[in-house]
Amino acid sequence: MSTQDHIVRGFKATLVARAIYMVSSALLMFVLARFLLDPDGYGALYWAIGILAIVQLFADVGLGKSVARYISEYSEKDPGQIPHLLRSTIAYKLVIIAIVAYALLLFHEQIAVMLGEPSAAPFLAAGVLYIVVNSFNSFTQVAFQGFNHLQYSAATQAIGGAMRLIFAVIFVMAGFGALGALFGYIVGYAIAAAFGLGILYFKFYRTYDPAEEYEQGLSRRLLEYSVPLTATRSANVVDKQIDTVLVGVFLTPTAVAFYTLAKQITDFVLAPAESLGFTISPNFGEYKANGNLAEARQIYETSLLNTMLLYIPAAVGLAIVAGPFITMIFGADYAGAIVVLQVLTAFVVLQAITNLTSDSLDYLGRARSRAIAKGVTAAANLVLNIILIPTMGVVGAAVATVATHSVYVAVNVYIVHSELSLRLGYLARSMGLICAITGVMAVTVLLVTPMVSNILMLFGAVALGAAIWAVLAVLSGLVDPNEVRSVMS
């Protein structure tokens with residue numbers, strides 16, 4: 001099987017699973033926001049999840065990504081070391097998770113009081129279970145990425161999303177409110193983690209004959225490489241979650257609901273880019289090990305242009321229809337999320353580039369450089385949030401996110417260029433053409449949107465914009481219909 005065919009097959013599997021995950025997430029978001037929870041309850045749930053995501057940093061560190069990098073490398077040169085790598089990683093994780101979970105159990109009430117929301121204490125207590133199960137759920141997905149068997153990673157993610165939806169709705173309808181929704185997350189991730197660990201043991205660990213000796217220094221290098229990855233992951237999670245936490249600290253749970261809803265919509269839109277980045281990144285480690293950087297450059301450039309061809313028009317279109325979309329789908333109670341979503345459409349484009357680039361840098365061995373960039377921009381994001389949220393309200397958090405992420409994306413692309421020598425002129429010309437197509441599409445959608453009065457008309461306006469985009473993309477030569485048919489077949 002050719003490299004392109006392998007990437008396409010992995011992308012399809014990841015995209016299908018990501019689609020299941022995101023559809024289940026969208027349904028959960030819709031059911032909770034529209035029917036089961038009021039804005040205060042919705043905001044309280046996701047404010048607590050934002051805090052738990054930050055706590056989970058200490059439980060996950062960078063071990064998952066680190067072992068994935070070494071699995072990718074040693075599957076080529078010494079497969080017998082892989083069982084040793086997996087055993088070491090699981091042992092390290094168990095020790096670290098136990099320490100973090102115990103600390104959270106002891107101090108959950110104090111943390112809630114310190115953050116100014118004592119009523120969040122039950123969420124943080126339940127968060128002990130959330131951290132344990134989600135840590136192993138995430139670990140198995142990343143480990144399968146290292147093995148370049150993305151269908152298992154995809155299945156684990158899909159199972160987690162579907163089970164989370166089912167149990168969250170059941171528990172909320174049983175009368176447990178927002179806390180019940182959190183337990184739905186816990187049960188869903190526990191099922192996914194059990195599935196992933198079972199596959200990892202029976203399909204991978206047991207199929208390798210372990211080397212007689214663990215390579216000297218490999219365990220140490222595993223830990224050492226996890227340090228910059230921990231820094232990057234910490235900065236990334238803080239960058240993504242600290243704004244939600246600070247909105248809750250400075251404003252109200254309802255404001256958290258507005259901000260969370262807008263961010264969840266952008267997450268849904270970003271699913272294809274995340275799937276593609278997750279699919280192609282392990283190949284860069286293999287290419288670097290084999291000295292085949294020209295192939296890596298071609299894959300990155302093609303992926304980047306195809307992603308921008310989709311996401312620049314999508315972001316512009318979403319900004320135009322944000323008003324009717326939110327009020328018609330989620331109700332007028334969430335109108336405060338409209339401006340936030342419009343600002344965050346710029347983040348959609350930036351994050352699409354990040355999803356393609358960040359994991360690739362880890363596999364290229366540039367985790368330290370990315371960690372420094374992410375640490376600096378995450379710190380800047382924290383400062384900007386503290387300045388802008390009290391003065392601009394919830395929109396200030398969105399502005400801070402876009403501003404700092406712009407710098408991070410620029411640095412990431414520069415690092416990729418330093419590794420792969422990207423054809424900047426070719427990329428600039430293609431981006432200009434994509435922007436021209438987007439401009440034509442945007443004018444049409446702007447003219448149609450004021451006439452939208454119901455959901456069917458809204459989807460009609462979106463379909464019209466998509467049709468114009470598709471025709472212009474084909475006529476300009478940016479999209480080859482034959483290639484599209486071959487990928488879909």
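What the table below lists for this structure:
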quantity	calculated
Inverse of mean 1/r across different Cα pairs in the range 28-105, Kirkwood, Å	15.4 Å
Length released on extending from Arg87 to Arg34, taking residue separation times 0.36 nm less the Cα-Cα span	14.6 nm
Shape parameters for the range 90-153, alpha-carbon atoms, Rg then Dmax in Å	15.2, 44
Estimated inter-spin distance, Ala98 and Ala294, nm [label 7 Å along Cα→Cβ]	5.3 nm
Neighbourhood net charge (12 Å Cβ-Cβ; Lys/Arg +1, Asp/Glu -1) for Gly177	-2
The chain - accessible surface per residue (Å², probe 1.4 Å)	41 Å²
Shape call, the range 126-175: gyration tensor on alpha carbons, a/c limit 1.5	oblate
Relative contact order computed over the chain (Cα-Cα under 8 Å; 6+ residues apart), in percent	19 percent
The range 202-253, accessible surface, carbon-and-sulfur percent (1.4 angstrom probe)	53 percent
Over the range 141-250, relative contact order from alpha-carbon pairs under 8 Å, at least 6 apart, %	20 percent
Potential extension, Ile170-Ala410 segment - 0.36 nm per residue separation minus Cα distance	82.0 nm
Binned Cα-Cα distance frequencies in the range 152-237 - 10 Å width, integer %	15, 23, 33, 19, 8, 1
Thr327, Thr449, Thr391, ranked by accessible area, largest first (probe 1.4 Å)	Thr391, Thr327, Thr449
Label-reachable residues, the range 227-267, where backbone N falls under 15 Å from a point 7 Å from Ile386's Cα toward its Cβ	239, 242-243, 245-247, 249-250
Where Cα atoms sit under 17 Å apart: lysine pairs in the chain separated by 8 or more or lying on different chains	5
Where Rh is the Kirkwood radius over Cα pairs, Rg/Rh for the range 356-450	1.10
Relative intensity, log₁₀ I(q)/I(0), of the chain from a Debye sum that treats every alpha carbon as a point, q = 0.06, 0.11, 0.12 Å⁻¹	-0.27, -0.96, -1.16
Helix runs (DSSP H) in the chain reaching 18 Å along axis by Cα, Kyte-Doolittle at least 1.6	177-199, 424-448, 455-475
Carbon and sulfur %, accessible surface of the range 301-407 computed with the full protein complex present, 1.4 Å	73 percent
Loop-exposed GluC sites (Glu not before Pro) per DSSP, neighbour cap 15 Cβ within 10 angstrom, longest uninterrupted part of the chain	216-489
Sulfur and carbon atoms: percent of accessible area, the range 411-469 [1.4 Å]	77 percent
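The values are calculated or read from the model by the stated rules, or taken from the named source; none is laboratory data. Remember, predicted model here, so these are calculated numbers, not experimental data. So basically every Cβ, Gly included, is an ideal-geometry build from the backbone, and we count neighbours across all protein chains shown. With ligands, DNA and RNA removed, areas are computed over all heavy atoms of the protein, side chains included. Shrake-Rupley method; radii C 1.70, N 1.55, O 1.52, S 1.80 Å.
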